[in-house]
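Structure, as structure tokens:
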Amino acid sequence: MQNSERRRFNLGIKWENPWHPSWLPASLRDTLSNRYHSRDFNFARSEYLRTRVLFVGMAFTLLAPLWILVDYLLLPLELVAEVALGRFALMLVLFGVLYSAWKNENHLNRMRNTLAALLLAPAVFYAALVLTHGGQMSSLVGYSFIPLLVVAFLSVFPLTIIESLGIGLLVLLVQLLALSITGQMKTAYGWQDLWLLVTILGISLWANHSQVSTLMRLYRQASMDSLTGLLNRGILLQQLNELCRQRDAQIEEGEEPSPICLLMFDLDRFKKINDTYGHSVGDQVLQVFAQILRSELRKNDLIARYGGEEFMAALPGTGKADARNIAERIRLQCEKSTVIAHDGEQVTFTTSIGITQVRDNESLDAALLRVDNRLYAAKNQGRNRYIDADLS
Ligand SMILES: Nc1nc2c(ncn2[C@@H]2O[C@H](COP(=O)(O)OP(=O)(O)OP(=O)(O)O)[C@@H](O)[C@H]2O)c(=O)[nH]1
């Protein structure tokens, strides 16, 4: 092949990383909504939300009845019984919240709804007090703080900005309702309350942003290979196990299971590239290869660096014929690609590929062993090829 035909890779080329859509300011990309969060990160975040919901939910559930003693000391006696009834109703809702948090492990949407219920229940309790005892609000000592406390509690949770803003705006509505019913809307006290609520909401949003971006950074460090930006082996196996579990469930329910194909890649004579051009050029080859995988595979395929110069792709919903075509495209793309060495020389590379489809009722380990054997068969047959069947 002529050098001019070879595709030169500029390592600065941008690919559309799902965590970094190009149209949002960098600091907001991860924290505005969960639209670009991976499924795995959603699981991790739902666990963080869950532990906090359980903790805060228990504190609220204990405090709701205990506070009746404080009411007894501070409120006019005729109000104590009615408020206590409201508190018991609140406590029942909070029990429901605790039950839901306990039951719904790894369900981000359910956990978000549970959290909304946890925070909005006190706000609804306050709204009910305002609607029934609006004229006596000055006697309900301590209750006007509820909207402020709810908005302050938003900061405890790793919520995205849109999630937090949604709950915050609902609480703001409750506060506006309270101010209009008590006739304080256009008074200095009313403005002061609104100003305080909006300020605390702003602080909570900032805390949410910091929490989600810290979580995201930790998650990336734990799940990604730092040289190529692909998934690391541990997270790939975890996600692959989950895919196989879903497939087994389909089989158990008598459904046609959707196929999963595995492609295992190993760069050919990579040691020679390192020895001839140095490790930094070897690193560039690995990065270019990762880029080829990204550009040739779909967004929901799992792509990982499996070891030094070994890579793995898991293709859910892809049968063997398509997997073969994909492997061939990747192989050809490698043949066409070059990396420029320090002395300006064009460094070329090739890859060997093993292909297999996960079989019904087999363990993931069995499929991994088979694809590994096929990869080494491809090496033994002369490299720069794929093998998709056991050789006798
Ligand atoms: N530059 C670089 N080299 C790496 C990295 N990880 C592993 N390697 C090197 O990859 C090379 C792998 O060499 P071998 O396992 O002998 O395989 P090979 O030379 O590719 O030969 P075949 O696989 O048989 O075609 C070793 O020299 C490792 O040091 C890395 O992150 N960067």
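Nothing in this text is a laboratory measurement; each read-out follows from the coordinates by a stated rule. Quick caveat, the model's predicted, so the values are computed rather than measured. Here Cβ is always computed from backbone atoms with ideal geometry, including for glycine, and neighbour counts include all displayed protein chains.
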*Along region 249-257, what does the Karplus equation 6.51 cos²θ - 1.76 cosθ + 1.60 (θ = phi - 60°) give for ³J(HN,Hα), rounded to whole Hz, x for Gly and Pro?*
5, 4, 4, 4, 7, x, 7, 6, x
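Using only Cα atoms, what Kirkwood radius does region 187-267 have, in angstroms?
About 17.5 Å for region 187-267.
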*Applying 1/(1 + (r/R0)^6) with R0 = 22 Å to the Cβ-Cβ distance of Phe55 and Val198, what FRET efficiency is obtained, to the nearest 0.05?*
0.25
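How about region 332-379: which GluC sites (Glu not before Pro) there are in a DSSP loop, with at most 13 other Cβ atoms within 10 Å of their Cβ? Spell out each step's value before the answer.
Numbers: sites: Glu335, Glu345, Glu362; in loops: Glu345, Glu362.
Qualifying residues, ordered by number: Glu345, Glu362.
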*Between the helical axis of 320-336 and the dominant principal axis of the chain, each derived from Cα atoms, what acute angle in degrees is found, rounded to the nearest 10?*
70
*asked:* Given N residues in the chain, what is its alpha carbon radius of gyration divided by 2.2 N^0.38 Å?
replied: 1.36
*Calculate how steeply helix 161-181 sits against the longest principal axis of the alpha-carbon atoms of the chain, using the helix alpha-carbon long axis, and give the answer as 0 to 90 degrees to the nearest 10.*
10
_Would you work out the Kirkwood radius for region 26-223? I mean one over the mean of 1/r across all pairs of different Cα atoms, in Å._
17.8
*asked:* Based on alpha-carbon centroids, what's the gap between region 89-145 and region 308-338 in Å, whole number please?
replied: 52
*If the chain between Thr350 and Phe145 were fully stretched, how many nm would it gain, using 0.36 nm times the residue separation less the Cα-Cα distance?*
67.1 nm
*So for the chain: antiparallel DSSP bridges make up what percent, rounded to the nearest 5?*
80
*Quick one: grab Rg to one decimal and Dmax as a whole number for region 279-362, Cα atoms only, in Å.*
14.3, 53
*Once amide H atoms are placed 1.01 Å from N in the peptide plane, what residues at a sequence separation of 5 or more from Thr318, or on another chain, have their amide H within under 5 Å of its amide H?*
Cys261
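Would you mind computing Rg(Cα) / (2.2 N^0.38 Å) for region 67-166, counting N as its residues? Could you put the intermediate results ahead of the total?
Working: Rg = 15.3 Å, N = 100, 2.2 N^0.38 = 12.7 Å.
Compactness ratio reported: 1.20.
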*Find the eigenvalues of the gyration tensor of the Cα atoms of region 180-318, then list the square roots of 5 times those eigenvalues as equivalent ellipsoid semi-axes, largest first, in whole angstrom.*
49, 26, 11
*Which lysines have a Cα less than 25 Å from the Cα of Lys272, not counting those fewer than 8 places away in the same chain?*
Lys336, Lys379
_Å³ per residue enclosed by the Cα convex hull of region 226-387_ = 101
*If one takes the longest principal axis of the Cα atoms in the chain, at what angle in degrees, from 0 to 90 and to the nearest 10, does the Cα axis of helix 364-380 lie?*
30
